[in-house]
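Structure, as structure tokens:
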Amino acid sequence: MVTLNQLVRKPRIRKNRKVKSAALKLLSYRNRVSTLKHHSKPFVKGICTKILIMKPKKPNSAQRKLAKVLLKTGKTVFVSIPGIGHNLNDHATVLVRGGPVPDLPSVQYKMIRGKYDLLGVKNRRTSPSKYGVKTSTLKTTK
């Protein structure tokens, strides 16, 4: 058991947690002090530089749609395009959020559907808010 005197002499050091979505971090000055503080953003705007297709890891087989995106923070990352079909071209503006794609190595980000140039999924009934579909456009048929 550590004593109070030992803690005064050498305080406990907290471990730094690894950030999984490092490209969403931005260095900024705080209160005109020369010390830099890390700020993490939930979403970052970016511009598509390349649209590509990737195959997933071993047990799965598919053609996953990806985009190479230059973020506003200055970093270039690979971003997954969720849902079926998309309308993206080079130089399209997109909104990016953190969140890894489990079966694609080196892909730690996803796009937000229905924002900027990336349209929502057509005829989406289940969980429409995740795929950029307005609930007012859905017609209930009974």
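Per-residue ellipticity at 222 nm, computed for the chain from helices alone with -39500 (n - 2.57) per DSSP H run of at least four residues, works out to -1000 deg cm²/dmol. Pairs exceeding a 31 Å alpha-carbon distance, out of LYS75/LYS139; LYS18/LYS45; LYS57/LYS130; LYS58/LYS134; LYS57/LYS115; LYS10/LYS41: LYS75/LYS139; LYS58/LYS134; LYS10/LYS41. Here, the chain has an Rg and a Dmax of 20.8, 73 Å when only alpha carbons are counted.
Of the peptides 99-106, 56-63, the ranking by mean beta-carbon count within 10 Å, highest at the top, reads 99-106, 56-63.
So what does log10 I(q)/I(0) come out to for segment 61-142 at q = 0.15, 0.19 Å⁻¹, using the Debye formula with one equal point on every Cα and no solvent? For segment 61-142, the Cα-only Debye profile gives -0.57, -0.86.
A short reminder: the numbers here are calculations on the coordinates, not readings from a lab. Everything numeric in this text was worked out from a predicted model, so none of it was measured. Cβ: placed from backbone, ideal geometry, glycine included. Neighbour counts: every protein chain shown.
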